[in-house]
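Below you'll find the structure, written out as structure tokens, and then a few comments.
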Amino acid sequence: MDTLLQDVRYAFRRLRKSPGFAAVAILTLALGIGANSAIFSVVNAVLLRSLPYADAERLVLVTHLTSTGDRAPMSPANFRDARREVRSLEELSFWSYSGSGRTLTGVGDPVQLDAASVGAGFFDVLRARPLLGRTFRPDENEPGHNRVAVLGHGVWRQRFGADPKVVGRTITLDGEPYQVVGVMPEGFGYPGDREVWVPQEYEEFFMSEASRGSWFMVGIGRLKPGVPHERAAREVAALGARLSRQYPETNATVGLTSISLYENMVGDVRTSLLVLLGAVGLVLLIACANVANLLLARAAAREAEVAVRVALGAGRRRLIRQLLAESLVLALLGGLAGLLLAVWGTSALVALDPQGIPRLDEVRVDGTVVAFTLGAALLAGVLFGMVPAVQVTRSGLFGSLREGGRGALSGRGSARVRSALVVVEMALAVMLLAGAGLLIRSFVRLQEVDPGFRTEGALSFTLSLPSAAYGEDAARAAFYERLLERLEGLPGVRSAAAVSQLPMGGSAQFLTFAVDGRAPVQPGNDPAAQVLRATPGYFRSLAIPVERGRAFSEQDRAGTPRVVVLNRAAVRRFFPGEEPLGQRILMALGADTVTVPWEVVGVVGDVRHFGVEAEAQPAMYFPQAQAPAGSMGVVVRTAVAPLSVAGAVRREVRALDPNLPLGDLQPLEQLTADSVSQPRFYMLMLCIFAGVALALAAIGIFGVISYSVAQRTREIGVRVALGADPASVLRIVVGGALGLAALGVGIGLLGALAGTRVLSGLLFGVAATDPATYAGVAVVLLAVAGLASWLPARAATRVDPAIALRAE
């Protein structure tokens, strides 16, 4: 330990005497280590940290499995069968997609809360204990007993001032009284970030066999102790197969499946985050190669010191220990600076708030991240410290130093090692740049996709009418009619319209239907399409083209012939080679208890409702006045900046009903921006890493060529004295650098062809082997290498032959 402390103190003295070298090395390491720690903080929070539930590995979701292999919500009847017959599950409860928004009134301004309707055993399955009060009792799903609520911690703190006496208090949700029975602890919000939970009412339909065709529930269960998930999955799948045979009318094309809660939450982003972690690992390797090159050059400059140590009897082990001590001191200083960068970088990553990455609010620099940073620093110190240590203690080199040989540390062997490190840097930089280039091209293709509607110059928001005040169809239709009339009268507003689901909203209602005059289809094969309710002027407000027939008019009201408008995808799917206009769709919608005919009066362009990267699905638009919906998205097309009319829009809504909150009041352009926020995030991260890698590779080329020029000063002086012109000197120096760069680029392209295949799932409209991207990357790297080598080469052409010849 005494020797180690001596080495550490000596390392600090050496760094103080070479502040420039220390600053460059520490900054290089800080960039590599800090970027790794920032990305690891995300990976740790999203992938590695266990879910905040007791025995979370035993939690599973049970859902429908469609014929296309997609998971979908369950029906109540299928859920009841699963709860009764799946023996591998200790408990099975559910949460429902119905009633996902509840309006809280009577406590300050009205506010729309994210709500979940759940089974009474929902909290018991998760082993989630309330901070205050209790959760739901088994009888509170029964009609007349379900007017109770559990509040989330954030709502309790913000709306009720963290009052512990809130338990037992009556609050108003959607115009109905609910008694608060409990408050959940901070951090609990499942599913998603819910703010209030209420019991799902077991009304007559819910308990009947007729509910088997209605999909709106997600089962959540807990495996029995010691039961593997694979056994439960087989049992669930077998039950689904039996139900398909037993109920072909509703289950012929659907089965049951189970998936672990953890896998459901992180499965879609695991590959993407691991790609980022791998990419930032390459940045750290490039940084280590750079610092190793610096240390090699520094070792050559310390040749006399090393020779004296060897002459005084220093053995290889002693020299290696001293050199590694210096490397580890550098690495730890770089790690400390990197940790500071990671704290800032982590905050920046969270601020980007890409959609679709779960648990992003849990990302922070904690003890695990600090330990990772320390480990990365120590590993980096060993990686870049071993290269000069091995070079110094090679047997031949060691003997040369012992005999007093000069130039032993700056000969051809060391030059080859430094050149090899540059080749490695260039190869790694090519791999990163290739990945970044592919993501850039993919993102550009996404931006070029026509979503099917015009977003600029429009404001959007959502409204949800409480059933207590707007239980009748006529009341809902009348409210939106009055609201749109008032909004269109505002200064700067060109038009206003509403639709039951705004584009890019991420959710939709799909219903089955029949076509009048066609033979009945086999059970379970009924056609289905997305169902939307829209007001007159909706297609005009969003600039959705009417391609055939007509759009809705004010005459399409209750009591008039029912009409429907199809999108182009629905015509292709359901009426290929036929005239769709005049066809009659048979469907029960809204308050209908039996199927009724709806005449097709128009065909409109396709809208990409599920993101610009997803193809448009068959959709049917129904007049809001003939099938009124309570929850609608409103679009206000303006002649001025959209947000400039936001205040006036709020006033008009409150003038009609002061208890209605506006949700997601934002420019319509934000919807499309949010839909590509995740690919934008991955592209931005990889571009930053590639930029850092390119800069480090350029610095590496510059350093090696500068050192080479310094070592060859006498040779260059002789060449100039013998008549060599500056151009030939430039060719020699730059040519050597470009040779190294070309070798690195070639190796890197081979590595990129293999490595970028993992990006296939992140790309849109671009192949992972896109030749244009690889060609562009090669040109950029060679150009940067040429520029980095030109600067020291230019200095070489100005060598004074007389001074160079006297240098020895």
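Residue by residue through segment 601-633, note down the ones that are assigned to a strand (DSSP E or B) and farther than 13 Å from P503 by Cβ.
Across segment 601-633, the qualifying residues are V601, G602, V603, M620, F622, P623, S631, M632.
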Out of E481, E456, sole residue that is within 29 Å of the chain's Cα centre (by Cα) and among the acidic types (D, E): E456
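Okay, residues lined up against (1) open to solvent by 10 Å² or more (accessible area, probe 1.4 Å); (2) in contact with a strand residue (DSSP E or B) (Cβ under 8 Å, 6 or more places away or on another chain):
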position: R9; (1), (2): yes, no
position: A25; (1), (2): no, no
position: F40; (1), (2): yes, no
position: D70; (1), (2): yes, no
position: N78; (1), (2): no, yes
position: D81; (1), (2): yes, no
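Determine whether V291 is within 31 Å of the chain's Cα centre (by Cα), modelled with pLDDT of 85 or more and of a type in the set (A, V, I, L, M, F, W, C).
Working: within 31 Å of the chain's Cα centre (by Cα): no; modelled with pLDDT of 85 or more: yes; of a type in the set (A, V, I, L, M, F, W, C): yes.
Here the answer is no, as V291 does not meet what is asked.
Yes or no, residue by residue, for (1) more than 30 Å from V653 (Cβ to Cβ); (2) polar (S, T, N, Q); (3) open to solvent by 20 Å² or more (accessible area, probe 1.4 Å):
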| site | (1), (2), (3) |
| --- | --- |
| E91 | yes, no, yes |
| V111 | no, no, yes |
| D114 | no, no, yes |
| G121 | yes, no, yes |
| N141 | yes, yes, no |
| D163 | no, no, yes |
Has segment 493-508 got any residue that is farther than 29 Å from S644 by Cα, at pLDDT below 95, of a type outside the set (D, E, K, R) and in contact with a strand residue (DSSP E or B) (Cβ under 8 Å, 6 or more places away or on another chain)? yes
Considering only segment 340-395, state which residues are in contact (Cβ under 8 Å) with a residue 40 or more places away in the chain and of a type in the set (S, T, N, Q). T346, Q355, T368, T373, Q391, T393
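Determine whether segment 473-483 contains at least one residue that is among the basic types (K, R), in contact (Cβ under 8 Å) with a residue 60 or more places away in the chain and surrounded by fewer than 16 Cβ atoms within 10 Å (Cβ to Cβ).
Filtering segment 473-483 down to residues among the basic types (K, R) leaves 476, 482.
From what is left, the residues that are in contact (Cβ under 8 Å) with a residue 60 or more places away in the chain are 476, 482.
In the following step, the residues that additionally are surrounded by fewer than 16 Cβ atoms within 10 Å (Cβ to Cβ) were identified as 482.
Yes - at least one qualifying residue is present in segment 473-483.
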Among the residues of segment 735-771, write down those that are more than 30 Å from W790 (Cα to Cα) and open to solvent by less than 50 Å² (accessible area, probe 1.4 Å). G755, T756, L759, L762, L763, V766, A768, D770
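Just the residues that are of a type outside the set (D, E, K, R) and either surrounded by 20 or more Cβ atoms within 10 Å (Cβ to Cβ) or over 32 Å from the mean Cα position of the chain (by Cα) (or both), please, taken from segment 123-139.
Of everything in segment 123-139, those that are of a type outside the set (D, E, K, R) and either surrounded by 20 or more Cβ atoms within 10 Å (Cβ to Cβ) or over 32 Å from the mean Cα position of the chain (by Cα) (or both) turn out to be F123, V125, L126, L132, G133, T135, F136, P138.
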Which one is farthest from G559 (Cα to Cα), of the residues in segment 615-631 that are open to solvent by 30 Å² or more (accessible area, probe 1.4 Å) and within 30 Å of the chain's Cα centre (by Cα)? E615
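Could we say that R548 is farther than 30 Å from D664 by Cβ, not hydrophobic (A, V, I, L, M, F, W, C) and not in a strand (DSSP E or B) here? Spell out the reasoning first.
On the way: farther than 30 Å from D664 by Cβ: yes; not hydrophobic (A, V, I, L, M, F, W, C): yes; not in a strand (DSSP E or B): no.
So R548 does not fit the description; no.
Helices (runs of 4 or more DSSP H) wholly in segment 716-808 with at least 3 residues that are at pLDDT below 80 and among the β-branched types (V, I, T) - which ones? Lay out the reasoning, then the answer.
Working: elements: 726-755, 771-796, 801-806.
Output list reads 726-755.
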Could you please find all residues in segment 541-557 being open to solvent by 80 Å² or more (accessible area, probe 1.4 Å) and in contact (Cβ under 8 Å) with a residue 60 or more places away in the chain? R557
Tally up the residues in segment 208-226 that are surrounded by 13 or more Cβ atoms within 10 Å (Cβ to Cβ), closer than 18 Å to S93 by Cα and not aromatic (F, W, Y), please. 11
If the Cβ limit is 9 Å and pairs must be 6+ apart or interchain, which residue in segment 651-675 that is modelled with pLDDT under 90 pairs with which residue that is among the aromatic types (F, W, Y) and in a strand (DSSP E or B)? L662/F461; G663/F461; D664/F461
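Would segment 576-593 turn up any residue that is in a helix (DSSP H, G or I) and open to solvent by less than 30 Å² (accessible area, probe 1.4 Å)? Step through it out loud before you land on a result.
Let us first name the residues in segment 576-593 that are in a helix (DSSP H, G or I), namely none.
No, every residue in segment 576-593 fails to be in a helix (DSSP H, G or I) and open to solvent by less than 30 Å² (accessible area, probe 1.4 Å).
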Of the residues that make up segment 153-167, is at least one among the aromatic types (F, W, Y) and in a loop (DSSP other than H, G, I, E, B)? no
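Which of the strands (runs of 3 or more DSSP E) contained wholly in segment 72-140 include at least 3 residues that are closer than 15 Å to Y190 by Cβ and in contact (Cβ under 8 Å) with a residue 60 or more places away in the chain? Spell out the reasoning first.
On the way: elements: 89-96, 101-105, 111-118.
Strands (runs of 3 or more DSSP E) meeting the threshold: 89-96, 111-118.
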Scope segment 97-121; condition modelled with pLDDT of 90 or more and among the small types (G, A, S); matching residues: A115, A116, S117, G119, G121
Given the options T250, T257, T271, name the one that is crowded, with 21+ Cβ neighbours inside 10 Å and hydroxyl-bearing (S, T, Y). T250
Can you list residue pairs whose Cβ atoms sit under 6 Å apart, with the first residue in segment 445-467 being open to solvent by 20 Å² or more (accessible area, probe 1.4 Å) and the second being part of a strand (DSSP E or B) and not β-branched (V, I, T)? Count only pairs 6 or more apart in sequence or on different chains. T462/G633; T462/G663; T462/D664
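Hey, among A469, A474, which residue is over 25 Å from the mean Cα position of the chain (by Cα) and not in a helix (DSSP H, G or I)?
On the way: A474 fails: not in a helix (DSSP H, G or I).
After applying the criteria, what remains is A469.
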Select from segment 347-373 the residues that are under 15 Å from the mean Cα position of the chain (by Cα), surrounded by 14 or more Cβ atoms within 10 Å (Cβ to Cβ) and part of a loop (DSSP other than H, G, I, E, B) and list them in ascending order. P354, Q355, G356, I357, P358, R359, V363
Output the residues belonging to segment 195-204 that are touching a residue at least 24 places away in the same chain (Cβ under 8 Å) and surrounded by fewer than 21 Cβ atoms within 10 Å (Cβ to Cβ). E201, Y202, E203
Please go through segment 508-527 and pick out each residue that is in contact (Cβ under 8 Å) with a residue 24 or more places away in the chain and touching a Ser or Thr at 6+ places or on another chain (Cβ under 9 Å). F513, A514, P523, G524, N525, P527
All but one of (1) under 23 Å from P191 (Cα atoms); (2) in a helix (DSSP H, G or I) hold for I220; which doesn't? (2)
Kindly evaluate L61 against the criterion of being open to solvent by less than 10 Å² (accessible area, probe 1.4 Å), outside any helix (DSSP H, G or I) and among the aliphatic types (A, V, I, L, M). yes
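On the given criteria, is F461 modelled with pLDDT of 90 or more, among the aromatic types (F, W, Y) and more than 28 Å from S675 (Cα to Cα)?
Details: modelled with pLDDT of 90 or more: yes; among the aromatic types (F, W, Y): yes; more than 28 Å from S675 (Cα to Cα): no.
For F461, the condition - modelled with pLDDT of 90 or more, among the aromatic types (F, W, Y) and more than 28 Å from S675 (Cα to Cα) - is not met.
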Could you check, for segment 674-682, whether at least one of its residues is under 30 Å from P536 (Cβ atoms), assigned to a strand (DSSP E or B) and of a type outside the set (A, V, I, L, M, F, W, C)? no
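The values are calculated or read from the model by the stated rules, or taken from the named source; none is laboratory data. Quick caveat, the model's predicted, so the values are computed rather than measured. Don't worry about glycine lacking a Cβ; one is built from the backbone with ideal geometry, like all the others, and counts go over all protein chains shown. These accessible areas exclude ligands, DNA and RNA; they are computed on the full protein's heavy atoms, side chains included. Shrake-Rupley method; radii C 1.70, N 1.55, O 1.52, S 1.80 Å.
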